[in-house]
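This report concerns only the one structure given below.
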Amino acid sequence: MIAGNLTTEEIKSHKNAVAIIPFGAFEQHGPYLPLLTDTYIAESIASMVEASNPTGVMLYPAVWFGDSIEHDGFDGTLSVNAFDMMHVLQNLFEWLAKSGFSKAILYNAHGGNVNLAATICEEFSRQSSLKVVSMFAYTPAVRARAKDLFGVSDTHGGSTETSLLYYLRPEVQKTKEKTIQNLHPYPGGGLLSLYSVRELSENGVLEKNVKITIDTVKGKALSEVLVEALTHQVEHFPGKGKTTVQV
Ligand SMILES: [Zn+2]
């Protein structure tokens, strides 16, 4: 069910559903993707999962902003720091619990939110009848599939994210090019926890490949693994516990 389309009376009879809150960011994604990329991805995948199981899922609107401190210096980015973001999420979870839900998934598609999401979900769930699983969209299975498809699971604004979003939201496509020279290949290795994106890449893209591939057929194939992972989490709630992975 779509929570926002129900009345306060109607929602009462769906408290056994798993509430899903998509969680994204409003941040620069290089020259080929829009600012709301992560939010769109979380929202689109969660909508597909809800559509295939409307009685089992209560889909809430996305939290469209996150902690994007690493993107300081790029115009357009809006960010809330990790401490304040955790308070915002805690408030939302408290209201979900008051509404009678006992199962929720914070479905996050932004790497910069992973640690804060894991922390607040764990802290909150220990003290509440509502258990909230923090799920990062890019599970090990998703990343392995991305590597099969693109040769690498890129970090930000590169082949996988661009192909995925261009499939999910064709209306936001910025280029018709299928192959683009990567001006600033990113070596990876956790540098993002120590440096800003601006220091690592002038155009804001973080990808190891020297060429960026945009392929919506591959984007569709990847989206199927994302849907499968979230569907599994809903059907086996709370699953094996933590579903977050480090980026
Ligand atoms: Zn992103």
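Quick note: the coordinates plus some simple rules give every number you see, no bench work behind them. Here the structure is a predicted model, which means the values were calculated and not measured. Glycine also receives a Cβ, built like all others from the backbone with ideal geometry; neighbour counts cover every protein chain displayed.
Okay, here's what the table says:
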item	result
Estimated dipole of region 133-185 in Debye, rounded to 20 [Cβ of Lys and Arg +1, of Asp and Glu -1, Cα centre]	60 debye
Relative contact order (percent, whole number), the chain, Cα cutoff 8 Å, 6+ residue spacing	23 percent
Distant-in-sequence amide H partners of Met58 (H built 1.01 Å from N, under 5 Å)	Val18, Ala19, Ile20
Rounded, prolate or oblate (a/c below 1.5 giving rounded, otherwise prolate when a/b exceeds b/c) for region 139-245 by Cα gyration tensor	oblate
Candidate lysines for bridging to Lys103, where Cα separation is under 19 Å - those fewer than 8 sequence places away on the same chain excluded	Lys12, Lys15, Lys131, Lys240, Lys242
Cut-off under 5 Å, modelled amide H: who pairs with Ala25 long-range	Asp38, Thr39
Using θ = phi - 60° and Karplus 6.51 cos²θ - 1.76 cosθ + 1.60, couplings along region 168-179 (whole Hz; Gly, Pro as x)	5, 10, x, 5, 9, 4, 9, 8, 9, 4, 9, 9
For region 95-110, 3J(HN,Hα) per residue [Karplus equation, 6.51 cos²θ - 1.76 cosθ + 1.60, θ = phi - 60°, Hz, x = Gly/Pro]	6, 4, 5, 4, 7, x, 6, 10, 9, 8, 10, 8, 9, 9, 10, 10
Under Karplus coefficients 6.51, -1.76 and 1.60, residue-wise ³J(HN,Hα) of region 65-79 in Hz, glycine/proline x	10, x, 8, 10, 4, 5, 9, 4, x, 10, 4, x, 5, 10, 9
Region 3-235 - share of DSSP beta bridges that are antiparallel (%, nearest 5)	25 percent
Separation between Cα centres of region 133-207 and region 77-103, rounded to whole Å	27 Å
Selection from Pro170, Pro31, Leu96 lying farthest towards where the dipole of region 3-235 points positive, charges on Cβ	Pro170
